[in-house]
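> Starting off with a structure, shown below.
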Amino acid sequence: MIKVIVNPGVCGLTTEIKADSKDHQNSDVTIETACPFIKKIGEELKSVDGYKEIFAKYGDSTVYELAAKHCKHASCPVPSGILKAIEAACGLALPRDVEMKITKE
């Protein structure tokens, strides 16, 4: 099981994503969050084909289709975190941290 915690920034609505794969292709996904928009994604996204998700063109995955349907903030990093969890759960990438640092200069 892979767990990804996404702290999306100023909204403060941290999201916990869990992804698990028994066959290294299909992944079960659970999402816990206080964000009402990401909750809706979690309600619809229960199991996916990891290969189709990870190797889809940018924006063509089920995750990004659901984000376009439910998420009201285009720069929300949670959909990317969902994909990273699926990718690691299916063994398509090592589980490594991703980081964005934002500074004003």
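> For the subset of region 1-20 comprising residues that are of a type in the set (Val, Ile, Thr) and part of a loop (DSSP other than H, G, I, E, B), which member is farthest from Ile54 (Cα to Cα)?
By that ranking, first place goes to Val10.
> Just for region 30-58: of the residues that are within 12 Å of the chain's Cα centre (by Cα) and among the aliphatic types (A, V, I, L, M), which one is nearest to Pro77 (Cα to Cα)?
Ile38
> Inside region 30-50, can you point out the residues that are exposed (fewer than 15 other Cβ atoms within 10 Å of the Cβ) and basic (Lys, Arg)?
Hit for region 30-50 is Lys46, nothing else.
> A further question follows. Within region 67-92, can you find the residues that are of a type outside the set (A, V, I, L, M), over 13 Å from Thr15 (Cα atoms) and touching a Gly at 6+ places or on another chain (Cβ under 8 Å)?
Those that are of a type outside the set (A, V, I, L, M), over 13 Å from Thr15 (Cα atoms) and touching a Gly at 6+ places or on another chain (Cβ under 8 Å): Glu87, Cys90.
> Determine whether Ser80 is of a type in the set (Gly, Ala, Ser), surrounded by 21 or more Cβ atoms within 10 Å (Cβ to Cβ) and either modelled with pLDDT under 95 or in contact with a strand residue (DSSP E or B) (Cβ under 9 Å, 6 or more places away or on another chain) (or both).
Values: of a type in the set (Gly, Ala, Ser): yes; surrounded by 21 or more Cβ atoms within 10 Å (Cβ to Cβ): no; either modelled with pLDDT under 95 or in contact with a strand residue (DSSP E or B) (Cβ under 9 Å, 6 or more places away or on another chain) (or both): yes.
Criteria not met by Ser80.
> Can you name the residue in region 1-29 that is under 16 Å from Ile86 (Cβ atoms), hydroxyl-bearing (Ser, Thr, Tyr) and more than 10 Å from the chain's Cα centre (by Cα) and is also surrounded by the most Cβ atoms within 10 Å (Cβ to Cβ) among such residues?
Filtering first and then ranking leaves Ser27.
> Exactly one of (1) within 18 Å of Gly91 (Cα to Cα); (2) not in a loop (DSSP other than H, G, I, E, B) is unmet by Ala56. Its number?
All conditions pass for Ala56, except number (2).
One line per residue, one yes/no per condition, for (1) more than 18 Å from Lys3 (Cβ to Cβ); (2) polar (S, T, N, Q); (3) touching a Pro at 6+ places or on another chain (Cβ under 6 Å):
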position: Ile17; (1), (2), (3): no, no, no
position: Gln25; (1), (2), (3): yes, yes, no
position: Phe55; (1), (2), (3): yes, no, no
position: Ser61; (1), (2), (3): yes, yes, no
position: Leu83; (1), (2), (3): no, no, no
position: Ala93; (1), (2), (3): no, no, no
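> Just give me the residues in region 66-92 being under 15 Å from the mean Cα position of the chain (by Cα), in contact (Cβ under 8 Å) with a residue 12 or more places away in the chain and part of a loop (DSSP other than H, G, I, E, B), in sequence order.
Cys71, His73, Cys76, Pro77, Cys90, Leu92
The values are calculated or read from the model by the stated rules, or taken from the named source; none is laboratory data. This is a predicted model, so every value here is computed, not measured. So basically every Cβ, Gly included, is an ideal-geometry build from the backbone, and we count neighbours across all protein chains shown.
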